[in-house]
1. Among (1) open to solvent by less than 30 Å² (accessible area, probe 1.4 Å); (2) assigned to a helix (DSSP H, G or I); (3) touching a residue at least 40 places away in the same chain (Cβ under 8 Å), there is one condition residue B:144 misses while meeting the rest; what is its number?
2. Among (1) part of a helix (DSSP H, G or I); (2) surrounded by fewer than 15 Cβ atoms within 10 Å (Cβ to Cβ), which single condition is residue A:9 missing?
3. So how many residues does the range B:438-452 have that are open to solvent by 30 Å² or more (accessible area, probe 1.4 Å) and under 26 Å from the mean Cα position of the chain (by Cα)?
4. What about residue B:241, is it touching a residue at least 40 places away in the same chain (Cβ under 8 Å) and assigned to a helix (DSSP H, G or I)?
5. Under the condition of being farther than 19 Å from residue B:284 by Cβ and not aliphatic (A, V, I, L, M), which residue from the range A:48-67 is nearest to the other protein chains (Cβ to nearest Cβ)?
6. Tell me whether the range B:253-266 contains one or more residues that are at the interface with chain A (Cβ under 10 Å from one of its Cβ atoms), touching a residue at least 12 places away in the same chain (Cβ under 8 Å) and open to solvent by less than 10 Å² (accessible area, probe 1.4 Å).
7. Hey, residue A:45 hits all of (1) open to solvent by 60 Å² or more (accessible area, probe 1.4 Å); (2) more than 10 Å from chain B (Cβ to nearest Cβ); (3) closer than 22 Å to residue B:92 by Cα but one; which does it fall short on?
8. Consider the range B:209-229. How many of its residues are open to solvent by 20 Å² or more (accessible area, probe 1.4 Å) and within 11 Å of chain A (Cβ to nearest Cβ)?
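The values are calculated or read from the model by the stated rules, or taken from the named source; none is laboratory data. This one's a predicted model, so the numbers in the text were calculated from it and none came from an experiment. A quick note on method: Cβ atoms are made from the backbone with ideal geometry, for glycine too, and the neighbour counts reach across all protein chains shown. What goes into the accessible areas is simple: the full protein's heavy atoms, side chains included, and nothing from ligands, DNA or RNA. Shrake-Rupley method; radii C 1.70, N 1.55, O 1.52, S 1.80 Å.
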Amino acid sequence: MLNFDWLSGISQETARYIFLGLYVLIGGLVLLIPTDYIYVGVKKEDRHWYNNLKLWAICSLSILFFIYYIF
Amino acid sequence: MLTGVDYFVVIAYIIGMLLLGLYFKRFVDSSEDYFLGGRSLPFWAIGMSIVVSDIGALDFVGVSGQAYRYGVSVGNFDWVGSVPAMLLAAFIFIPYFWRGGMYTIPEYLGKRYNLSVRTIASLTWILFFALDLGVLFWSSAVLLNVLLGWTIWSSILITAGVVGLYTYFGGITAVIMTDVVQMVIMFVGGAALVYLSLDAVGGWDNLVDKVYNMGPEYREHFHIIQPSDTKSPFPWTGILFGLTFVMSNAYMIGNQSIVQRCLTAKNEWHAKASMILASALKMAIPVLVLFPGLMAIVVHPGLADGDQALPMMIKTILPPGLVGLMFAAFFAGLMSSVDSLLNSTATLFTKDIYEPFIKKDGDDDHYLKVGKLTTLVLLLIGVATAPISSGFPGIYVAIQTFMSFFQGPLFAILLLGIFWKKSTPLGGLSALVIGIGSAILMHIFKGQFFHIEDPFLFISWWSFLVGFVVNVVVSLMTRPHTKEHLKGLVYDPKILSTSKEI
């Protein structure tokens, strides 16, 4: 029980897909964040695609996804 | 041994850091300047500082050692063990802390729950940071002992002297701005070692083939996901439940030395951006600190102590000059970690212990002096506790073990505190005390409960669950704070609007 023996039937490959699925889920949640909230602290005229923090977060998650896909 | 060129590089680096740190002394006029940099710093400096303060000497030596023993799965700590938690921190928790004008995480817990929770959380972090300092000093001494033949104690005392001097004067602005330079040096030095090591083993494909053919115990070295029944400390179940769901969140959201940096940001966007930038940079860390450990399997097979892998690689792979640069990179990691711990602990002690319990109505200059004095005292404690880490088989696992005692319960009360309005002061207090107690018991009797070597990930998860359940049960039986009291302290969908009022 404490060692998660009940999950011992799940293969390494399946476990990897669980992690990959988690990153996709997080990416989806990030995309749901209202854009206005992302820009709080930035003047209206200074809001550009490159300081959209949702894009930054998606880039980070994409690298993470790639690493777990490779290894 | 270092050559003359190497000594020049190292000494120039140390003097440069001292001068840079002392330069920022002129910006310290108040306790807010000393602890929060006057809330004026940009995201790029904070982000780089978060990364560099989080790796340090511990990872250079410890992670390489773990990679030597267990392979790439140790990289989970910087990959899945960082990025999701940092995004959660950036988008949900940091805005609350920043808008609330907090100095410390226990300060938030004190407002959300009560003074007892604040004090226990703060004292626990102070204890952890003091032990962490000891581990950092010890890991540096191990490397210096191999490279230079210095005795352990002379290495510790020299390191403490250099770091203590520049941390004392500059406050967090000096800490963060020196971290920027330290990160660049660390990345350059680490990249040089990886490049030359890869060349020495004949390229990546050759490395994989050689390690794979060294025996069955090396077959899992290139699998980031380890089986659930692995004897290594990193089964995928522990990585998912213990690391991803609990420890990483507790570390990135509840760790004073990480969050305090974000609180120095000039506005909310910079606070969020700093954490997201750090999440991207952090993914490069395993490449710099883990891969040399993997390559040491081929270059130096059969090392009795995995923590010797990195020092041996530096000694045999790098030419004169680059050894000095790598040594400077190591110093950069060590200094950035130590100065972070010193400044954060000084903040915790001054704001959460000294101000509420010892002198409530002191002027700002008084608290500035207390913060500086605490820095010095903590440095002495770190030196005195350094030998404790020698009693553990792996330096990195040692620090994770210390953390697992309270990371789970801490995250449980933070999570319920911000997302559940009915969580009560007594619920939070009970969860923290019983959760930490359960973690200590699980560690003492780990032989009966767990079948892996170092079950700190499992302990983290189960103590989180204990804390969570205790908080819910006790809260349902006790009186919560009023809605007015909780304003700005618990999650409100209005935070996702442009309004700064929550």
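1. Unmet condition: (3).
2. (1)
3. So the first thing to find is which residues in the range B:438-452 are open to solvent by 30 Å² or more (accessible area, probe 1.4 Å), and the list is B:440-441, B:443-449, B:451.
Next, from what is left, pick out any that are under 26 Å from the mean Cα position of the chain (by Cα): B:440-441, B:443-444, B:446.
Within the range B:438-452, residues that are open to solvent by 30 Å² or more (accessible area, probe 1.4 Å) and under 26 Å from the mean Cα position of the chain (by Cα) number 5.
4. Details: touching a residue at least 40 places away in the same chain (Cβ under 8 Å): yes; assigned to a helix (DSSP H, G or I): yes.
Judged against the criteria, residue B:241 is a match.
5. A:51
6. Taking the range B:253-266 and keeping what is at the interface with chain A (Cβ under 10 Å from one of its Cβ atoms), we get B:265-266.
Next cut, touching a residue at least 12 places away in the same chain (Cβ under 8 Å) only: B:265-266.
Restricting the remaining residues to those that are open to solvent by less than 10 Å² (accessible area, probe 1.4 Å) gives B:265.
Within the range B:253-266, one or more residues are at the interface with chain A (Cβ under 10 Å from one of its Cβ atoms), touching a residue at least 12 places away in the same chain (Cβ under 8 Å) and open to solvent by less than 10 Å² (accessible area, probe 1.4 Å).
7. Condition not satisfied by residue A:45: (3).
8. Here the count works out to 5.
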